[in-house]
Amino acid sequence: MSKRFVLAMLGLMSGVFIFPSVLLAQVKAVDIALDSKNFTQIDWPQDTTEAALPITWKGCMAEDVMSRLSPVKPGKVTVLPKFQGQEQAYGYLKLGRLPDNRFYFVMDVMAPDKMLMYFDFNHNGRLDDDGPGLVNEGEAIKPGEAGFATYLQVPWRLLVPGSTFKGTFKVWFFINNLEWSLKGFSHASHTFLKGSLALGGVTHTVYIHDQAENDNDADLTNDGIYFKVAEGKVRFVSRKEMSSGVDIDGTAYKFNIFYPQNSVVAPGTPGVNSQAMDEEPLSTATRDWKSKLKGRRIIVVPPGSSIEAELKKQK
């Protein structure tokens, strides 16, 4: 009995489909173009019929500068709004496919349970020209406890140059009492794409949705695919499975998800700030997060639950 045959059988018995090299030639490559002709944008959870899709959170990781708040104004922030509070905390989200993909923000803190957020939606380094400060939209924050939550709606054109999707990409931003004590924050992408994919004569409903393991970065080419298998049920095909091969209805496929436009802009492109972003060193307090947040790097919030409930389960 050949080694390749044994590997294939072990994969079938475990429910994981393994394709040894002898079978690679039989894996069919499928390109999936992310544009408005093939996909419709849906914002979760407004469309409750898509509630089977899980939302994954990018939480405050000890080694992750992206999820840290700092009292020091970043050098790339050029103009500030007029503050009301005595304390300010700065941060940024990495979103989209531009070489310079940091979107900076500042939390204006009047009290731990009373904050305003100024977010650089137009991506020009100024925090004073994006409208009034964002107020807390969270409903699960207890009186007296620190916290803040709001929707951030970032224009597609600033995430994927040449995108055919109009309007904005929606991100849910969240700080709870625990995260504030660590000067951290979480975020989850609430925009995903829904389309149809024909494979072997069968048309499948598919969803492309941002994943926390890839930083909820608003880049939908690196996150995998959800296949609708029944009403209210989906099957997830990971990025690894997409590139190596996965069984769909008895046939092996690998998928290449891409934006058909010139979606990666070269440094020096007019209108794009292509200067290298300043990397800030991790503080001692940030390094201390690792022991406090062990096992909380990625939090899946099922429909009907909340981030607080999922955090309590892990305590």
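What is the local net charge at Ser196, summed over the other residues whose Cβ is closer than 13 Å to its Cβ (Lys, Arg +1; Asp, Glu -1)?
After counting each charged neighbour, the total is +3.
With an 8 Å cut-off on Cα pairs and a minimum separation of 6 or more residues, tell me the relative contact order of the stretch 154-265 in percent.
This gives 19 percent for the stretch 154-265.
For the stretch 134-182, what is the Kirkwood hydrodynamic radius in Å, using each pair of distinct C-alpha atoms?
This gives a value of 12.5 Å.
Can you tell me the order of 151-161, 190-200, 176-186 when each peptide is scored by its average per-residue count of other Cβ atoms within 10 angstrom, highest first?
176-186, 151-161, 190-200
I need the peptides 219-230, 241-252 ranked by packing, meaning the mean over residues of other C-beta atoms within 10 angstrom, with the highest value on top.
Going by the mean number of other Cβ atoms within 10 Å, highest first, we get 219-230, 241-252.
Determine the alpha carbon to alpha carbon distance for each of Lys194/Lys233; Lys94/Lys194; Lys94/Lys114; Lys82/Lys114; Lys82/Lys166; Lys142/Lys170 and list only those over 21 Å.
The answer is Lys94/Lys194; Lys94/Lys114; Lys82/Lys166; Lys142/Lys170.
When the distances between all Cα atoms of the stretch 117-240 are binned every 5 Å from zero, what whole-number percent does each bin get?
Bin by bin from 0 Å, the calculated values are 2, 9, 14, 18, 17, 15, 11, 7, 4, 2, 1, 0.
Net charge near Asn101, counting Lys/Arg +1 and Asp/Glu -1 over other residues with Cβ under 9 Å of its Cβ?
0
Could you point to the residue in Leu69, Leu197, Phe148 farthest towards the positive end of the stretch 64-200's charge dipole, with +1 and -1 charges on the Cβ of Lys/Arg and Asp/Glu respectively?
With unit charges placed on the Cβ atoms, the residue in question is Leu197.
Grab the Cα-Cα distance for Asp249 and Lys82, subtract it from 0.36 nm times how many residues apart they are, and report the gain in nm with one decimal.
54.2 nm
Treat every Asp and Glu Cβ in the stretch 157-261 as -1 and every Lys and Arg Cβ as +1, leave all other atoms uncharged, and give the resulting dipole magnitude about the Cα centre to the nearest 20 debye.
Magnitude of the dipole: close to 260 debye.
Report the Rg/Rh value for the stretch 102-178, based on alpha-carbon coordinates and the Kirkwood definition of Rh.
Checking Rg against Rh, the ratio lands at 1.03.
Read-outs: derived from the displayed coordinates by stated rules, not from any lab. Note that the coordinates shown come from a computational prediction; the quantities given were computed from them, not determined experimentally. Using ideal geometry, Cβ is built from the backbone for each residue, glycine included, and neighbour counts are taken over all protein chains shown.
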